[in-house]
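The values are calculated or read from the model by the stated rules, or taken from the named source; none is laboratory data. Note that the structure is predicted; figures quoted are calculated from it, not measured. No Cβ is skipped: glycine too gets one built from the backbone with ideal geometry, and neighbour counts run over all protein chains shown. Side chains included, ligands, DNA and RNA excluded: accessible areas come from the protein's heavy atoms. Shrake-Rupley method; radii C 1.70, N 1.55, O 1.52, S 1.80 Å.
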Amino acid sequence: MIKKFKLGNPIETYATVEDIMLTNSKPELLKTGEGQRTLSMKLGKSDIIYGMGESVRGINKRGFVYRSFCSDDPNHDEDKASLYGAHNFFIVDRGHEVNGFFIDTPAAVSFDMGFTDPGLIEITLDFPDAYVYEITGKDCGEVTARFRKLIGTPYIPPFWGFGLGQSRWSYENEDRVRSVVKGYREAGIPLDMVYLDIDYMEDYKDFTISEERFPEFENFVKEMKEEGIRLIPIIDAGVKIEPGYDVYEEGLAGGFFCRKEDGEELVSAVWPGKTHFPDFLNPGARRWFGLKYKTLLDKGIEGFWNDMNEPAIFYTEDKLKEVFDEIDEFKGKNIGINEYFAFQDLVKSVSNNMEDYRRFYHNYEGKTINHERVHNLYGANMTRAAADAFKELAPGKKILMFSRASYIGAHRYGGIWTGDNKSWWGHLLLNIQQLPGLNMSGFLYSGADTCGFGANCSRDLALRWFAVSLFTPLMRNHSAMGTRNQEAYVWGNPDDFKNLVELRYAIVPYIYSEFMKAVQNDGMLFTPLAWEYREDMRAREIEDELLVGESIMIAPVYKQNATGRYVYLPERMLFIRFRKYNDYDEMVLEAGDHYIEVGLNEVPVFVRPGKALPLAQPAMRVEDLDYETVKYISFGGEYNLIRPSEENV
Ligand code: GLC
């Protein structure tokens, strides 16, 4: 059962694809207060909250205030209210009944999930204009499926997009890329993609290629493709201001950039220094920018990642001037404690601040509208720009596309990665805990930077992280400039990594098949245990185990120096301890608690009763997987394997 309500005068987000009749009254489960700016609901003592898409903290979102506001923030600490995506969908599991809520507005929303008052959810809208959807059902799966049907079919990547990708900021020239591919080849570790970060461009200008570092780009793309490796370049939101640069000139001439109140284009700095932001909310600008991907498609490129599209702002010309003026006032003064903090804050306030987000406008649906009111749609529409253009530029062909910023609705156009995490054990756990929320919001093609983006990774963390990422559809190892190298072959005894990546390739048929079922049935790929084991009070509190598809449960090791872990089994399962896709222990474990030993080179998987896990003979590239080699590890069940169709290859 789904009901739609209207608060104020909502701005269309195109998050939904179904027409639902408006109910002519205020929301029924949520109580409106204060000029319809707040919505609240009482929470029962043992109610669980799931959802909020890409966010910090656990699977149960209860006990924190989340703020839905796409943010460029590399510090994903426990107290961060916002990350890169804005996913305003959550469900409240009351045991006997489940309620789902989608607050559809492109402006910021705060979700106080029993933080201020443990017995209350209080939602505060920055602008009291939104469509509110209330969904009721008997369980979490039913409510989520209803919601997913409402928002439409998720993006399906090309089949090779299920392979491993290796990335780093940056593999800055052809030889560096070649050496990465060689490293994998010599270690015998499967690989499908190498990512190109900002340094492949000329001065960080979108849709350009550095002559110096990639002098023969088209040939190089071909050379890599002949080895079965696809190059995946990054595209950033900001367009460099540089007279003579075609993208800049065309954007200016077409009136495609975001403007300030006085009609001047906003000048904001990102990697290339001063840039303009394409107005992705304007269909003309969207089409113009989307068609620019042709430059790279024409050179043989088949996939992209869109970045800095919250949009990230290092500084705007206006703000920088204000801050310099204010800093001037500190000159020659005795800087005491208060001045010291004020001074520090001033400098920090230069990037990604609200004042700047209020400084510019979009041309949206025939109206000039302030950015603050539609902030969460910016990145989503950059992804849409690309996806719409791909249909035109490469009809019938699947192009890999994922983005950093997103809003619900963008899941139809591309996947997302979870941004700049760190090589921290805590972020490995966060990676596990973020997966159900992402799936609920429609983002099935997603994953985290394997081994961590910021900070230095260690061998044990790298192994444990690969052992988690091998289950996520998007599997990419990515790291920041200045950090220790973390490719799978750099760690010594690369066979340990080879075995993990081979296991990934062996289960690609399963991951793909379950991915497609989740797409077709509006289902989840990663499901919290309590969704399936409804009566099990222990399962309701499990935060570090997940069901992956219909056949298996995973319980990864995410603590340093641990030689194993406790695992809770809600029912009898077949425990498989993989050392290699064809070398594993099998043992039946009864329902209840168990301590399992898991070496650094091992992966624990639990097959559910009446189910089976397909395993193929691994290959060096996803496209070379031979479905004739698929065998099944069965725990008294059969498996319905969905094979990649022609159109997905
Ligand atoms: C951003 C992205 C990161 C990328 C870097 C340089 O921080 O999130 O993935 O490597 O920019 O382009």
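Could you please let me know if Arg358 is surrounded by fewer than 24 Cβ atoms within 10 Å (Cβ to Cβ) and under 18 Å from the mean Cα position of the chain (by Cα)? In short, no.
For the range 213-234, a tally of residues being buried (at least 19 other Cβ atoms within 10 Å of the Cβ), closer than 19 Å to Met401 by Cβ and not aliphatic (A, V, I, L, M) returns 2. The residue that is nearest to Met440 (Cα to Cα), among those in the range 547-575 that are of a type in the set (A, V, I, L, M) and in contact with a Pro (Cβ under 9 Å, 6 or more places away or on another chain), is Leu547.
Residues in the range 1-46 that are open to solvent by less than 30 Å² (accessible area, probe 1.4 Å) and of a type in the set (Phe, Trp, Tyr): 1 in all. Among the criteria (1) open to solvent by less than 30 Å² (accessible area, probe 1.4 Å); (2) out of contact with any helix residue (DSSP H, G or I) (no Cβ under 9 Å at 6 or more places or on another chain); (3) of a type outside the set (A, V, I, L, M, F, W, C), the one Pro74 does not fulfil is (1).
Of all residues in the range 247-300, those satisfying the criterion of being within 26 Å of the chain's Cα centre (by Cα), of a type in the set (D, E, K, R) and more than 19 Å from Ile198 (Cβ to Cβ) are Asp279, Arg286, Arg287, Lys294. Here Tyr84 meets the list (1) among the aromatic types (Phe, Trp, Tyr); (2) closer than 30 Å to Arg538 by Cβ; (3) within 16 Å of the ligand (Cβ to nearest atom) almost entirely, failing just condition (2). Taken over the range 613-640, the criterion of being open to solvent by less than 20 Å² (accessible area, probe 1.4 Å) and over 29 Å from the mean Cα position of the chain (by Cα) is satisfied by Ile633, Gly637.
Residue-level check: of (1) buried (at least 23 other Cβ atoms within 10 Å of the Cβ); (2) hydrophobic (A, V, I, L, M, F, W, C); (3) within 15 Å of the ligand (Cβ to nearest atom), Trp169 misses just (1). The lone criterion from (1) under 30 Å from the mean Cα position of the chain (by Cα); (2) open to solvent by 10 Å² or more (accessible area, probe 1.4 Å) left unmet by Glu242 is number (1). Condition first: among the polar types (S, T, N, Q), closer than 25 Å to Asp72 by Cα and at pLDDT 95 or above. Can you find one or more residues in the range 212-227 that meet it? Looking for residues that are among the polar types (S, T, N, Q), closer than 25 Å to Asp72 by Cα and at pLDDT 95 or above, one finds none in the range 212-227, hence no.
With respect to being among the hydrophobic types (A, V, I, L, M, F, W, C), in a strand (DSSP E or B) and open to solvent by less than 10 Å² (accessible area, probe 1.4 Å), Ala285 falls outside the description. Only residues that are of a type outside the set (Lys, Arg) and surrounded by 16 or more Cβ atoms within 10 Å (Cβ to Cβ): list them for the range 572-588, please. Matches in the range 572-588: Met573, Leu574, Phe575, Ile576, Phe578, Tyr581, Tyr584. For the range 365-376, the count of residues that are over 20 Å from the mean Cα position of the chain (by Cα), at pLDDT below 95 and acidic (Asp, Glu) is at least one. Taking the criterion of being within 16 Å of the ligand (Cβ to nearest atom) and open to solvent by 70 Å² or more (accessible area, probe 1.4 Å), the residues of the range 192-212 that qualify are Asp203, Tyr204.
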